[in-house]
Amino acid sequence: MAKKEVMQGNEALAESALRAGCRFFAGYPITPQTEITEYLAAKMNDMPDRAFVQGESELASINMVYGASGSGARAMTATAGQGLALMAEGMSQLADAQVPAVIVDVQRGGPGNGGTAPSQGDYNFVTKSLGHGGFHAFVFGPSTVQETADMVYEAFDIADEYRCVVMIMTDGMLGHLIESVELKPYRDLKALPPRPWTEKGNPEGRKLQICGGQPDIELEKARRIEKIYEKWERELARVEHFMTDDAEVILAAWGTVARTAKTAIRKLRAEGHKIGLIRPITIYPFPVAAFAELDEKRVRHLITMENATPAQFHLDVKAALGGKPIPLSTYHRGMGSELSVEEIEEQLRGLL
Amino acid sequence: MEKVFGIPEGMNDKKTAFCPGCTHMTAYRLIVECLNELGERDNAILCRPIGCSLNADGSFDIHTIQSMHGRASAVATGVSRMNPTKTVMSYQGDGDAISIGVAETLYAANRGEKMTAIVINNQIYGMTGGQMSPTTLIGQRSTTGVRRADDTGYPLRFAEWLGQLEAPGYVARAALYTPKDIMQAKKFLLKALRCQKELGRYSYIEFLSFCPTNWGVQPKDCLKYCQENVLPVFPVGEFKSCF
Ligand SMILES: Cc1ncc(C[n+]2csc(CCOP(=O)(O)OP(=O)(O)O)c2C)c(N)n1
Ligand code: SF4
Ligand SMILES: [Mg+2]
């Protein structure tokens, strides 16, 4: 078994990306993401066949990632809040050109400049469409440092397989949390899966033509990509059921809110209350079945909690419930002040 | 009989969507010819912008990556860092390189990326139908107004500016006007590409180009128009050379 290390969420993510075979990173400093950029700046340019560039902006960074990935390399960027907004055009181009990339959003407050405190306010932006024109990224919502490291490692494979953007959505809390983590081994860069559509590994010797916007093939391509989204929704949505087997009151939450909520739920369980948690692990594709299949005879109440105002995640849960007669409510705040264990506990007690 | 002029290898005679008298295609031809002469055409990657250059679709055989408007130099940075043995180029309009993408163009130059930026300066936004560009001349009409120094500023002499930076190895401006100008343009482009390939440095080359359609100048009158109006503002020449 590999050795466990104690690492900060942002650093574990950065190190795990290197191990997954990330050859190129471009990024621009922004709290609470900066440690990822700093970690990779310190390491990458000394590693053979890898490069780090501090972009002059997020606009530049995402387009550097596009160029690097489009011409053969596993590539990543990381940002937060308004930085992600600046990357929207580039992410849309990645989607259109079907160039894979891993993009990390260490969420901070918003809208506007917001604050640097943790938030889940980018939920709708990231899960519904990361830019103009309409498209999806595959979106992970980790809630521990270990999960962050594992997800980013897997993200590069998913991105290559589906030629898509894979997002890792953490937040300032998870990014700065220090936990023990077991990292996966370094991948041999030469043994990474081939990307026949990039010039380097093109077996047919055809010219690399990474473009988009050719009307005759656009609709056909859009339909093909839509089928991929349907497959993700059918087969790849992931969810954690925590103490839900006999639960009469269920809390739905993702990311760091779910993590905090587990403490409250354990406490209430110890007192004998039938309470549990549903935690979407992929937030797109959304684990619809976890809610659609709830037993309305057993579950008395479903409550969603999130660090965002107005509520966003709540709307996905509501849609997934599909009108099932289970009372649904929301408790959310965000905007620079996270939900605490105590207040989550208090809210849940009110439903018992 | 010896054939002295024809379509170079790597181009075809497909009809393009350029307007009559447009010189964008001359730039493409020079790129293909120079890459052929350097034996680099198969080893080259061209980052294309959004702009009238798209009208060349399907007429040349070079690896291309389509970039968003203004971002070609950033895309080329990513390509170049991951493919240091390739000849990496960006092809950009004046609006693309000097307005919306000015930061990306400037920073790629200042970092000394191993690439060649090829900028088509036609003093107008061609593709969107003739709006004011960063190089529109004082007194020149555009669909967004006449350029007046007091409210829209002066045409930006970007080549002169980049010529003062430390990192670039080669910075020049040439015209795609007369056969003599075009021969000089080719000479400059060869140097730019060699500077990148042989010395691993950044090159910038600006090509002065006709846009009869949006200038409202007949193709036959473009040369005179440019000699009188464009060349005094945008002199041709080398602003920095590592050779
Ligand atoms: C973000 C963004 N804004 C605006 C446009 C619209 N647009 C397309 S080409 C262009 C101007 C092109 O002018 P230039 O770069 O000088 O190239 P030319 O067509 O003259 O060769 C504009 C404004 C766009 N494609 N993307
Ligand atoms: S609009 Fe101008 S730049 Fe565009 S193709 Fe026509 S002449 Fe050339
Ligand atoms: Mg122009």
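Below are the figures for this structure:
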quantity	calculated
Sparse-neighbour loop sites [trypsin sites (Lys or Arg not before Pro); segment B:76-168; at most 16 other C-beta within 10 Å; DSSP]	B:R141, B:R148
Rg over Rh, two decimals, segment A:4-235 (C-alpha only, Kirkwood Rh)	0.95
Estimated dipole of the protein assembly as shown in Debye, rounded to 20 [Cβ of Lys and Arg +1, of Asp and Glu -1, Cα centre]	1040 debye
Distance (nanometres) between label positions extended 7 Å along Cα→Cβ at B:C19 and A:T263	6.7 nm
Translational diffusion coefficient (Stokes-Einstein; Kirkwood radius from C-alpha pairs) of segment A:141-203 at 20 °C, 1.002 mPa s, in µm²/s	158 µm²/s
Accessible area of A:W254 in the full protein assembly, 1.4 Å probe (Å², nearest 10)	0 Å²
With DNA, RNA and ligands ignored, accessible area of A:L189 (1.4 Å probe; Å², nearest 10)	40 Å²
For segment B:163-215, diffusion coefficient by Stokes-Einstein and Kirkwood Rh (Cα), 4 °C, 1.567 mPa s, µm²/s	109 µm²/s
Dipole of the protein assembly as shown [Lys/Arg +1, Asp/Glu -1 at C-beta], most positive-end residue of B:T213, A:L130, B:N110	B:T213
Semi-axis lengths (Å, descending) of the ellipsoid that matches the C-alpha gyration tensor of the protein assembly as shown	52, 24, 21
Backbone N within segment A:171-194 under 15 Å of label point (7 Å from A:K4 Cα along the Cβ vector)	A:178-184
Against the rule of thumb 2.2 N^0.38 Å, how large the Cα Rg of segment B:1-129 comes out	1.05
Whole-number accessible area per residue in Å² for the protein assembly as shown, which is evaluated in the context of all protein chains at 1.4 Å	39 Å²
Buried solvent-accessible surface, both chains (A, B), 1.4 Å probe, Å² to nearest 100	2300 Å²
Computed helical MRE - 222 nm, chain A, DSSP H runs ≥ 4 contributing -39500 (n - 2.57), nearest 500	-11500 deg cm²/dmol
Which of B:F239, A:F286 is most accessible, then next, and so on - probe 1.4 Å	B:F239, A:F286
Exposed trypsin sites (Lys or Arg not before Pro) absent: longest stretch of chain A, with sites in DSSP loops and at most 10 other Cβ within 10 Å deemed exposed	A:4-296
GluC sites (Glu not before Pro) within segment A:249-335: DSSP coil, no more than 16 neighbouring Cβ in 10 Å	A:E271, A:E293, A:E296
For chain B, size of Cβ-based charge dipole, Lys and Arg +1, Asp and Glu -1, in debye	100 debye
Paramagnetic reach from B:Q227 (point 7 Å along Cα→Cβ, amide N under 20 Å) across segment B:1-25	B:21-23
Convex hull volume of segment A:240-351 per residue (C-alpha atoms, cubic angstrom)	90 Å³
Mean shadow area of segment B:95-223, taken as a quarter of the surface of its Cα convex hull (nm²)	8.1 nm²
Point-to-point label distance, B:N43-B:Q184, nm (Cα→Cβ direction, 7 Å offset)	3.1 nm
Net charge of Cβ neighbours under 9 Å - reference A:A12; Lys, Arg +1; Asp, Glu -1	-4
Probe 1.4 Å - accessible area at B:C52, Å² to nearest ten	30 Å²
Sites B:E166 and B:D61, calculated FRET efficiency, Cβ-Cβ separation with R0 35 Å, nearest 0.05	0.45
Two-site FRET efficiency, A:A319 against A:D46, from Cβ-Cβ distance with R₀ of 60 Å, rounded to 0.05	0.80
Overall dimensions of chain B by Cα: Rg and Dmax, Å	16.7, 59
Candidate aspartates and glutamates - alpha carbon under 13 Å from A:K43, same-chain residues fewer than 8 apart omitted	A:E11, A:E15, A:E35
Förster radius 35 Å - calculated FRET efficiency between A:E248 and A:D188, Cβ distance, rounded to 0.05	0.10
Value of [θ]222 nm, deg cm²/dmol, for chain B, DSSP H segments ≥ 4, -39500 (n - 2.57) each, nearest 500	-8500 deg cm²/dmol
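The values are calculated or read from the model by the stated rules, or taken from the named source; none is laboratory data. No experiment lies behind these values; they were computed from the predicted model shown. Note: ideal-geometry Cβ built from the backbone for every residue, glycine included; neighbour counts use all protein chains shown. For the accessible areas, the whole protein counts, side chains as well, though only heavy atoms, and no ligand, DNA or RNA atoms are used. Shrake-Rupley method; radii C 1.70, N 1.55, O 1.52, S 1.80 Å.
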